[in-house]
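Participant: Here it is, the structure in full.
The values are calculated or read from the model by the stated rules, or taken from the named source; none is laboratory data. Everything quoted here is computed from the prediction, not taken from an experiment. Note that we place each Cβ from the backbone using ideal geometry, even for glycine, and neighbour counts take in every protein chain shown. Please note that ligands, DNA and RNA were not included when accessible areas were found on the heavy atoms of the full protein model with its side chains. Shrake-Rupley method; radii C 1.70, N 1.55, O 1.52, S 1.80 Å.
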Amino acid sequence: MKRYNPSEVEPKWQKIWSNSSTHTAEDFSDRPKFTILTEFPYPSGTGLHMGHLREYTLGDIIARYKRANGFNVLFPMGYDAFGLPTENFAIKNKISPQIATKQNTANMRRQFDAMGCSIDWNRSFSTTDPEFYRWTQWMFLQFYRAGLAYQDEIAINWCPFCKTGLANEEVINGRHERCENLVEKKMLKQWMLRITDYAERLIDGLENVDYPARIADQQINWVGRSEGAEIDFVIASEATTAPVSSETGAGQEQSSQKTTLDPSPLSEKVVRDDNLIKVFTTRPDTIFGATFMVLAPEHPLVQKITTLEQKDEVGTYIRAVEGKSEIERQETDREKTGVPTGAYAINPATNEKIPIWIADYVLMGYGTGAIMAVPAHDERDYEFATKFNLPITEVVSGGDITKTAYLDEGTMVNSGEFNGLNSTEASKTITNWLIERGVAKRKTQYKLRDWVYSRQRYWGEPIPIIHCDKCGAVPVPEKDLPVELPAVEHYEPTDDGESPLSRIESWVKTTCPKCGKPAKRETDTMPNWAGSNWYYLRYYDAHNDKVFADPEKLKYWDMVDLYLGGMEHTTLHLLYSRFHHQFLYDQGLVPTPEPYAARRGQGIILAADGRKMSKSLGNVVDPTEIINSGYGADAARLGVTFLAPYDQTTPWSPEAVAGCYRFLTRVWNLTQQVKEKPAIKADDELLRAEHRTIKKITDDLDKMNFNTAIAGLMEYLNVLSKNPAKVSRANLETLLELLAPFAPHIASELYEQLGNQNSIETTDWPRYDENYLTDSQMTIAVQVNGKLRGEITVDTDAAQPDIERAALALDNVAKFTNDEIPAKIIYVPEKIINIVVKS
RNA sequence: GCGCGAGUGGCGGAAUUGGUAUACGCGUUCGACUUAAAAUCGAAUGGGGAAACCUGUGCGGGUUCAAGUCCCGCCUCGCGCACCA
């Protein structure tokens, strides 16, 4: 009898698969199509890691399962190779990023094959292939033409270590998500994509796709929609003589705040825009309680309105704020700071004159960079007012504003004609009142920022724009795409915010496509997310050199049916690519409004010690080592899948692989026993176990309960192993067919050893027969007053009175009922009978 | 602080829907095979108890014939967002 040796079996089948077309997806097939997309890897020098093993094993299980069910499956793979890690790796090892990428992708391809992934390699590419990024650049030009790509000089997040600008989404807790260095602010002229135009659609589109609530919620929160009003506050024009002092305090009567300003309605005034401070608020109902205003220190009006007396103090404060890091500014438990500008504004509801302060708790990046402060009903304003003795006026009753700000709804007070209204209602009424008077408009505000799309690094897609002194920014003509990255000797980033490309004069110097005069190329490159924005579409038509994909093929393949990826991409790649796709849809370039019909996120595999795997902790497990250690790919695949539900973060367990290897060995050994015996008729009990297992595995796979599916296979094997002599060939073939998606090599091999000429991949998924799911007898648990007291075995078709009689006849039941007449008997068919007695 | 999720044996984790808690795997113990070890096979394995039985799913209450599951109030951990007006 031959022993199970994965290092013999697995290469044999991997070779067979690479020479066959079993895994090739067919364009325009009559079979129903199914696209299983897994996020493509970044080809780093260290190859596939544990997360990849999990993700691609799951993808492969689904692909194989769907194929067995008659689907025309597309399981594609590519490489997301632009970006910092390769560039840093190349700099360190003094080889070009192009060569590093070639080596790394070749290595990864070997690893994919060693895992036994049933990928359609005919459709593969790297985002760094000029034939691919030609279309990435082409799509950028579509954004440009539509006015959604623009240049702007703004304070952006700058990573001083990577020496490049970053998008908002790439900053996690004030640090660059890749290198974890602290991020700074830097003024730079940047290319931006107007993702904020799609804020609403990014939220609403989620209604028509199947995403887990966690992922949808995270995206909704990231977009951060708030409904409210934008309200104009007029800057009091007269020069103020009395700077704000600590005597202007909360302890004073509110009447002391009354002003002698012209009480005529504001709408009758001719108000110039630069005499206004616009604020955004979600609580227009509290406007009568706005007792001061706060501007962000960076607010453009600060210089203009600050009085002579306050110039020094304001200047000192602004310099102090500038000296703070982003992290410091984000500390929420920091004590509030701020200074008065000496200027005043008019509260449009009360017509009262209120002081204007600056403070760094107001952020320039959100809303208008200015707020109306309502200390009675906002915690931050309350804290600020308390510290600086500013008046606190209650306008919504229900709390105790001498102690804390009151945030909930209540009855309006101190609000003129609106007194007595409920605050929620008053919010609408007051907004309308302000709108009628021409001092407000309804406004929806988003946290989402436009996408900073420029990177000052070499290893990315050049932005296909030419700058001409006369014509301005001119798109590179489509026929000249791709704008290829020039080969260079020095691609180290620079400190000055210029891309290394700017030093390659021969490449930078060009002529304007419009006027033909000398011009310069844009030297910034695209972010590493650019290729992954649309890569899935390229799988549908990977080699087309006329269009990014044939519209007919786009139509056939439609949406990605299932997209598997990391939770960490929810507010990065996943959000970006949805935006990108929605734009393409608006341009009529893709047939569906959303790219992914369903999304699932796999959990992280932690080290066995429960910590994150990391090089510095020395607890990284390399999947290739598991495969090569003698356990093989099938055991590694089972091990990582059996560990826990696929979406759960869970520690790695080397013993789980050993257990799975043992399981596979037992399957192997049982097959050796059965194949040498003459064929026998199926045993009734085993047949029922077989059909129960088919149902279990099928149900589990449909629900993506992969770990319990494997447990079900193990249970079935345990049943078969108890009676090896009774096991029929059919019993075993079903086991192999159910096992095939999980452990394809051994299943293929043993299926062949059983004498089958066809490949197990050509067999249909087993179907179960309802008739075999029930037994002639069933076991019913017997309870007395809800406590288990025994079991009875009765015929499946037994009537309830007979079951009750049998239950009552148990000695143990009689003992606990004390021979009393039961008050009640509850019978749950086929499961449990509960006898209720008093006492 | 806000949003989401989770707390079950020594460990990873099972448990349609309120219906026999701990499937499956690991580990441990005992036994078989072996000169021996490994591997393999068999048995046992939540806690207490000799047993009957009692007890047990983060904590405290509740609903129910019956609660890991439902309700109320807490605690802890993980993830995401965060001075977002």
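Participant: Near A:Ile358, within a Cβ-to-Cβ distance under 11 Å, what is the net charge of the other residues, with Lys and Arg +1 and Asp and Glu -1?
Facilitator: So the surrounding residues net to -3.
Participant: Here is a further query. Using a probe of 1.4 angstrom, how much of the accessible area of region A:336-411 is carbon and sulfur, in percent?
Facilitator: Answer for region A:336-411: carbon and sulfur cover 51 percent of the accessible area.
Participant: Treating the angle as unsigned and between 0 and 90°, give the value, to the nearest 10°, between the Cα long axis of helix A:6-18 and the longest Cα principal axis of chain A.
Facilitator: Between helix and principal axis, roughly 70 degrees.
Participant: Taking Cα centroids, how far is region A:125-149 from region A:565-628 in Å?
Facilitator: So the two Cα centres are separated by 22 Å.
Participant: Let me ask another. Leaving out ligands, DNA and RNA, and with a 1.4 Å probe, what % of the accessible surface on region A:146-234 is carbon or sulfur?
Facilitator: On region A:146-234, the fraction of accessible area on carbon and sulfur atoms equals 44 percent.
Participant: Continuing with the same structure: Express the carbon and sulfur contribution to the solvent-accessible surface of region A:538-590 as a percent, rounded to the nearest whole number, probe 1.4 angstrom.
Facilitator: Result for region A:538-590: 49 percent of the exposed heavy-atom area is carbon or sulfur.
Participant: Follow-up question, since we're still on this one. Output wanted: per-residue J couplings in Hz (rounded whole) for region A:363-375, from phi through Karplus 6.51 cos²θ - 1.76 cosθ + 1.60, θ = phi - 60°, x for Gly and Pro.
Facilitator: Along region A:363-375, the couplings run 9, 5, x, 10, x, 9, x, 9, 10, 8, 8, 10, x Hz.
Participant: What does the charge count near A:Asp469 come to, summing +1 for each Lys or Arg and -1 for each Asp or Glu among other residues with Cβ under 11 Å from its Cβ?
Facilitator: Net local charge, A:Asp469 excluded: +3.
Participant: Show the residues, 5+ positions off or on another chain, whose built amide H is closer than 5 Å to the amide H of A:Ala343.
Facilitator: Answer set, sorted by chain and number: A:Thr307, A:Ile356.
Participant: Suppose we look only past 18 Å in the calculated P(r) of region A:746-833. What percent of the Cα-Cα pairs does that tail hold?
Facilitator: 57
Participant: Can I ask one more? In percent, how large is the relative contact order of region A:71-220, given Cα pairs closer than 8 Å and 6 or more residues apart?
Facilitator: 19
Participant: Could I ask something else about it? Could you tell me which residue out of A:Tyr133, A:Ala229, A:Leu148 lies farthest along the dipole of region A:113-248 toward its positive end? Charges go on the beta carbon: Lys and Arg +1, Asp and Glu -1, centred on the Cα centre.
Facilitator: The Cα lying farthest towards the positive end belongs to A:Tyr133.
Participant: Explain nothing, just compute: Karplus ³J(HN,Hα) = 6.51 cos²θ - 1.76 cosθ + 1.60, θ = phi - 60°, for every residue of region A:716-728 in order, whole Hz, x for Gly and Pro.
Facilitator: Once θ is set to phi - 60°, the couplings for region A:716-728 become 4, 4, 4, 5, 4, 5, 5, 10, x, 5, 8, 6, 8 Hz.
Participant: Right, here's the next one. So for chain A, taking the charge dipole from beta-carbon charges (+1 Lys/Arg, -1 Asp/Glu), which of A:Ala689, A:Ala644, A:Asn756 sits furthest toward the positive end?
Facilitator: My answer, from the dipole projection, is A:Asn756.
Participant: Let me ask something else about it. What is the dipole size for region A:628-757, taken about its Cα centre, with +1 at each Lys and Arg Cβ and -1 at each Asp and Glu Cβ, in debye to the nearest 20?
Facilitator: It works out to roughly 320 debye.
Participant: Let me ask something else about it. What whole number of Å gives the distance from the Cα centroid of region A:55-78 to the Cα centroid of region A:475-513?
Facilitator: 40
Participant: Computed over the Cα atoms, what is the radius of gyration of region A:1-113 divided by 2.2 N^0.38 Å, N being its residue count?
Facilitator: 1.29
Participant: Please compute the Cα-Cα pair-distance distribution of region A:430-480 with 10 Å bins starting at 0, giving whole percents from short to long.
Facilitator: 17, 22, 20, 15, 19, 6
Participant: Let me ask something else. Size of the dipole of region A:387-489 about the Cα centre, Lys and Arg at +1 and Asp and Glu at -1 on the beta carbon, nothing else charged, in debye to 20?
Facilitator: 200
Participant: Any idea what the alpha-carbon Rg over 2.2 N^0.38 Å comes to for chain A?
Facilitator: Here the answer is 1.22, to two decimals.
Participant: Send over the semi-axes of region A:493-646's equivalent ellipsoid, whole angstrom and largest first, taken as the square roots of 5 times the C-alpha gyration tensor eigenvalues.
Facilitator: 39, 26, 15
Participant: Probe of 1.4 angstrom, ligands and nucleic acids ignored: what's the accessible area per residue over chain A, in square angstrom?
Facilitator: Spelled out: the 1.4 Å probe surface of chain A, per residue, equals 45 Å².
Participant: Restricting to chain A, what percent of DSSP beta bridges are antiparallel, rounded to 5?
Facilitator: Looking only at bridges with both residues in chain A, the antiparallel portion is about 75 percent.
Participant: Within a Cβ distance under 12 Å of A:Asp496, other residues only, what is the Lys/Arg minus Asp/Glu net charge?
Facilitator: My count for the surroundings of A:Asp496 gives +1.
Participant: Further question on the same structure: If you wrap a convex hull around the alpha carbons of region A:119-237, what volume per residue comes out, as a whole number of Å³?
Facilitator: For region A:119-237, the hull spanned by Cα atoms encloses 237 Å³ per residue.
Participant: Provide the per-residue ³J(HN,Hα) series for region A:335-342, in order, calculated from phi with Karplus coefficients 6.51, -1.76, 1.60 and θ = phi - 60°, each as a whole number of Hz, with x at glycine and proline positions.
Facilitator: Whole-Hz 3J(HN,Hα) from phi for region A:335-342: 5, 5, 10, x, 9, x, 8, x.
Participant: Counting only C-alpha contacts under 8 Å and six or more residues apart, can you give the relative contact order of chain A as a whole percent?
Facilitator: Normalised by residue count, the contact order of chain A is 14 percent.
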